[in-house]
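The values are calculated or read from the model by the stated rules, or taken from the named source; none is laboratory data. For clarity, every value in this text was computed on a predicted model and none was experimentally measured. Backbone-built Cβ (ideal geometry, glycine too); neighbour counts: all protein chains shown. Note: accessible area is taken over every heavy atom of the protein model, side chains too, but ligands, DNA and RNA are not part of it. Shrake-Rupley method; radii C 1.70, N 1.55, O 1.52, S 1.80 Å.
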Amino acid sequence: MATEIVYLLGAGASYGTRTKDEKGNDIRGYIERGIPIVNELEDTIKILISELPQSKSKEARERVVELLQWLAEKCRDFPTIDTYAKLLYVTKQENEYKKLKNGLSLFFTLVQLGAYSKKVETMFPRDLRYDGFIASLISENRQLPNKMKILSWNYDCQFELAFGEYLKSISERYMENIWKELNVSDKLTASTIYDGFGIVKLNGSATTVYTHDNNYHNVDIFYPLMEENDDLITLCDRSFVTESNQYKNRLSFAWEQESIFFENIINQVKTAKTLVVIGYSFPYVNREIDKMIIQSMGGLQTICVQDVEPSIIRERINATLSDAQKGSKYGVTNIIEIKNLNQFVIPNEL
């Protein structure tokens, strides 16, 4: 079925809620639900280290803490962690680049564990807007709309963890199975962008995979924690810290372009009539890919922008559209601004 509705998600889509001070303002770094944004990373990492669970292996815990401390330093020393990643990539510092990816994946995995393990009470539960969004769209046979694609710049697993609640048993809830249920694809599966509903991870995913029979398999670090004998820190150390040729980080960045991957994305979204942008600021570093994707939607008619400051995002979208075909804006006649962030917007077409 041809894609008619495309969601484009940015960091704001996983923002969730923050602990408030006495004046009702958000306390930076103290996450009640959701994922920290760029300017919160250093503070949140330090909080996470101070509350990190103990481990059966003292050495494993020391390695995990050391990697998190190194990541916090890099967040402090550069304007954004993406800036440092681009520096490492351009200067071909491959070992540091791999270390940075592992540190980010370790951090975002730990941040998201609270939703699924009562034994890890200090971690941060997911943004509940994903639960409301899925509940509004899912059918009795656990299907999501065939005419919808979700393109996400986020490397979190918030959507997957919310969808996991619809799977009956723990054995069904392993990330490998959830990805199959949701038709999730990334650059490691570049040749496969699924027809019908699907989630495309433009920046990959803050998870790790192991190789078996020449195939990649997600290392599940969320649901196994329900088992009493599992040790979170040891599992994290094995997945993200200790060097092994068997494991590969699933995180990527925009500049790691994979031509087949983006060609397949364009083929899937070119029929879109409605674009829904949630919490995405169209940063300059992603400009070429954003232009390539949006300008491929030749039949685009409506754009919904859900953001704290939607007018700014609207200007950036207009600039992207106007840059194509000598200023033509295709068929877009309606750009809707939405400031209410309590629930993800669902267009009338759904």
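A few points about this structure:
- Of all residues in the stretch 141-164 being of a type in the set (S, T, N, Q) and over 30 Å from residue 106 (Cα atoms), the one that is least open to solvent (accessible area, probe 1.4 Å): 146
- Meets criteria (open to solvent by 60 Å² or more (accessible area, probe 1.4 Å) and in contact with a Phe, Trp or Tyr (Cβ under 9 Å, 6 or more places away or on another chain)) for residue 18: no
- Every condition in (1) open to solvent by 60 Å² or more (accessible area, probe 1.4 Å); (2) closer than 18 Å to residue 108 by Cα holds for residue 23 except the one numbered (2).
- Odd one out for residue 33, checked against (1) charged (D, E, K, R); (2) in contact (Cβ under 8 Å) with a residue 40 or more places away in the chain; (3) within 30 Å of residue 286 (Cβ to Cβ); (4) surrounded by fewer than 18 Cβ atoms within 10 Å (Cβ to Cβ): (4)
- Close Cβ contacts (under 7 Å, 6 or more residues apart or on different chains) running from residues in the stretch 94-108 that are open to solvent by 30 Å² or more (accessible area, probe 1.4 Å) to residues that are part of a helix (DSSP H, G or I) comprise 96/88.
- Any hit, the stretch 135-148, residues being more than 20 Å from residue 238 (Cβ to Cβ), β-branched (Val, Ile, Thr) and at pLDDT below 90: no
- Residues that are under 16 Å from residue 9 (Cβ atoms), in a loop (DSSP other than H, G, I, E, B) and either open to solvent by 50 Å² or more (accessible area, probe 1.4 Å) or touching a His at 6+ places or on another chain (Cβ under 8 Å) (or both), drawn from the stretch 259-316: 281, 308
- Flag if residue 78 is modelled with pLDDT of 90 or more and of a type outside the set (Val, Ile, Thr): yes
- Candidate set from the stretch 132-190 (those that are of a type in the set (Ser, Thr, Tyr) and under 21 Å from residue 202 (Cβ atoms)); member that is nearest to the chain's Cα centre (by Cα): 155
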